1. Against the globular-protein guess of 2.2 N^0.38 Å, express the Cα radius of gyration of the stretch A:166-274 as a ratio, rounded to two decimals.
2. What's the angle, to the nearest 10 degrees (0 to 90), between helix C:2-22's Cα axis and the longest principal axis of chain C?
3. Would you list B:C312, B:C124 from fewest to most Cβ contacts within 10 Å?
4. Taking 8 Å as the Cα distance limit and 6 or more residues as the minimum spacing, I'd like the relative contact order of chain B as a percentage.
5. With the Cα gyration tensor of the stretch A:30-89 in hand, convert its eigenvalues to equivalent ellipsoid semi-axes via √(5λ) and list them largest first in whole Å.
6. Give the order of B:L45, A:L123 when sorted by the count of other beta carbons within 10 angstrom, beginning with the fewest.
7. Regarding the protein assembly as shown, what's the average projected area of the Cα-atom convex hull, expressed in nm²?
8. Work from the charge dipole of chain B (Cβ charges, +1 for Lys and Arg, -1 for Asp and Glu, about the Cα centre) and give the residue of B:A226, B:A185, B:T197 farthest towards its positive end.
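The numbers here are math on the coordinates, done by the rules we state, and not lab data. All values reported here derive from a predicted model rather than from experimental measurement. Backbone-built Cβ (ideal geometry, glycine too); neighbour counts: all protein chains shown.
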Amino acid sequence: MTEVLQLVVNGLVAGTVLAVPAIGFTAIYAVLRFPNFTVASHATIGAFAGYVANTGLGLPAWAAVLVAFLVAGLAGVVNDELVLKPLRPSGALTAAIAAVALTIVLENVVRFIFGNDLRGYDLPIRRDWQAGGLRIGPQQVQNLAIAVVAMAAVFAFLAFTRMGKAMRAVADNPMLAGIKGINADAVARAVNFVGMGLAGIGGMLLGLDTSIDPLTGFRVILSVFAAAVVGGLGSIPGAVVGALTIGVAEELSLLSLAPAYRTAVGFVAILVVLTLRPRGILGERAY
Amino acid sequence: MTPSPRSVSRRALFQGAGALAAVAAVPAAARAQGGALRLGALNPLTGAGGSYGPPMRKAIEWVVSEINAAGGILGRQVQLFAEDDQTNPEAAVRAARKLIDVDKVAAIMGTWASAVTTAVAPLCWESKTFLTTVSGSDTITQLPHLGYLVRTQPNTHLQIGKLGEFLLSLKMKRVFTLAAQTPFAVPSQKRLAEVLTKGGSEQVGAVIYDKDKTTFRSEIDQALKARPDMIYMNGYTPDVTVVMKELYKAGYTGGKVAQAYAVNGKLLNSLPAEVTDGTYTVAPSPSIDSVAYKRLAKVLGSDDLDPYSCQCHDHASLVLLAIAHAKGDATGTAIKDHVRKISQGGGVKVESAAEGVKLLAQGKEVNFDGASGPCEFTETGDILDTRFRYEQAEKGKFKLLRIA
Amino acid sequence: MDTYLVAMAVFAGIYALLALGLNLVWGLTGMINLGLVGFFALGAYVSALSTKALGAPIPAGLAAAMLAAAAAGALVAVTTARLRGDYLAIITLGFSEVVRIVASNEIWLTNGTDGISGIPGPLRGRVPPEAFNLVYLGIVAAVVAAVYLVLERVRRSPYGRVLRAIRDDDQVAAVAGKPVLAFKVEAFAVSAAVLGLAGGLYGHYTSYIAPEVFVPLISIYIVLALTAGGTGTNRGAVVGAVLVVFFLESARFATGWLPGLQPVQVAAVRELVIGASLILVLRFRPAGLIPERIERIPRPSSAA
């Protein structure tokens, strides 16, 4: 029983961390209407930006996370302006393929600079806290805290700022938003900045506990997509619900599958949801 | 890729040119045509074995340059083509094809990782190219290599046998094996269980993981559930680094042991002392008292050579002596047929290829003993026996326990 | 040097097969298969295991590869055929990753990450390497020619027209009474069979396969080949494949001239340029070098 509980605990932590990039992914989908695979490479970019900030500049974890957010967010805007925006008029499929190609380009830029070796952040290695047969690492708890803060910031942004409200308007009804004078381009840039910034935070959080390499983002993209789809593509609360679901499901899968099959869980979840309830748990465009 | 500039010194070329006239009957086989003898080096310059590749290559280059400086073999200079296998079987196969198809080498020397050797071996025996390796997996000499393969590293059976005895001597009762996916993972597991059981202890469990992951939390959980007093980390440096970090975080306080190529100086430098302290390491010990070792140590600039550069020194020496014994027939088949004639049996004991070539030219027989050991091979290409070196990590440095 | 060129030509042929397979399902039927490398892998493993572990002759191994891939293709199509294009892209990509993970972990079956070495090849070991390469090139060229002819036939046939109708608007095709799902599944399965055949040919040529060979990057190579050559045309597929292989190999030489680059950096540059090329093609020449010519149905001569 403790085994199952431990897995659930691990799953909730993993799910909360997964929610960060999932929100980014689903927000971009809500506004720009195509699945932006480059969330994978921006997660990697964020992870490495944070790594440089931490090991190169000696910044503590929370500051390095901010760096990850800013660098990934900026990269997201630039990449979209240069590459994806001109292709969006050609349709969602072309944009999706271009996003896959772009993610390969960005991943290899990182690989060119840093090589393939695993790297760890310069953080003290501390023993896990144990209680009642369960163990949880101090780093995991910190990740949880950072993820919650990030999500709270996003919700506040969407609810209270002008740009946030404009974003919701465009996601809800782009034509009406245009008529009301909301600048679609500005909104696109904003959502890319926030969305990819969140991907960057996600990439770094993944690596804080373990290590990072150029494939960090790619390894997690299927789970991110699964979280967004399960919760309902385009719905931000849906992304959170979906991420927690996927996080726990992946951990529980360890009861019967080898650890390497966690990605398969995400894949199966996507299939199941798209076949049986394509709107996801909270439904597309629910906000 | 062009051959490395150090391997063919211009001075030696001019020296050897005069002796070219002395070349008599040279077989007309494609690879043994008049002109330079062509040999290949395939070492891990990058990847998990990346810290060992450069000294391995340097050792081979040095032996070749010594031979060339002494006039080559029967007047023919030796040309070395060196490639990086990236500790990756796929890259290694492509590099090997280039060495075999384009550079037409008679031998490929110095593959390190067992998976690399397993992938490259069929290409070698099918094209009758001689392969010398430092890989240890039992499965390698069990391949149908038709004699085109020898290795200077003790095989898994021997290595794990000694490891098991060592753990028994430490009075360990419950050993858990955490292994990366490699050709030797399963044979190691089986052999360790065998040795431990015979000594009254037990291998309480074994897990094989895919080494390309960044976290091994579930595998660690499995290991700790079995309450071992010793964990054998049978992987490579990158994954063992992560395993050790996670063992520490999980609060494990029992014993840890690994092969020295995994827990090496680089790993000790990258982790805090609390994480690595107390870890035991095992490695085959080179013949540190031999003349060959001492000369190689001077060339490589270190008193404490890793076993692989010593073995590579011996690879190059054995291959060149075999060609010399075959009267200059620089083909894989000739090397295969002659390598044991110069490495074991009667004959003058020599510890350098240059010395041996000179004696062979005088019609004498030789028996080469190298920097890694006496280099005596069985029919299947394994070495007969060797000594081992046991160390323990203490405050971020290695302490030698014994050589036995 | 010429062995090297022959080897390049063999890879170009294998890539051409992959591109032809993708063209059937994407160019003709409008279903993107970003997971084509998964079927490639499946074919490679089935053929390798049949010939090495079970001792079957190579043609039997290739046949088994085609069957296994076709079955997998049908299964994937049945579950995903109704998905929108961009979802289908991600799902098929996920499929190929799952195939790779299974290959990496089911050690009892696939030997895991160590891969399968010593895969038999026709006459390998009994003739010198140069002869082996030439023979193999002949085989691959023959297969490519055969598949090309068959697929051209399909493209021009009424069957092909139905597929294109489905590609252009499957709702209209459904209204016209065509069992759209059945057509899609069939096309996907046949396409997968071609991909599996290419996989088998790959394994027997290189003698070694491992899960890390079968990465999504290869699917991108083929998408690039098809988009650059001309989506919808089989000729474009072959031309595109040759271009991509030529480009990849010359990149290998070119980066050899760049001093001081580590192999990992050289590899990174090559992959980067491929991704960038695909983006450029999508942007500036989406119809490809050999755009599809819409064949006009000949007008019946008006009587009046």
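1. Working: Rg = 16.6 Å, N = 109, 2.2 N^0.38 = 13.1 Å.
Here the Cα radius of gyration is 1.27 times the empirical estimate.
2. 30
3. Final ranking by Cβ density, sparse to dense: B:C124, B:C312.
4. Details: 864 pairs, mean separation 66.9, N = 404.
In percent, rounded to a whole number, it is 17.
5. 27, 10, 8
6. By the 10 Å Cβ count, ascending: A:L123, B:L45.
7. Details: hull surface 178.0 nm².
Directional mean of the projected Cα hull area for the protein assembly as shown stands at 44.5 nm².
8. The Cα lying farthest towards the positive end belongs to B:A185.
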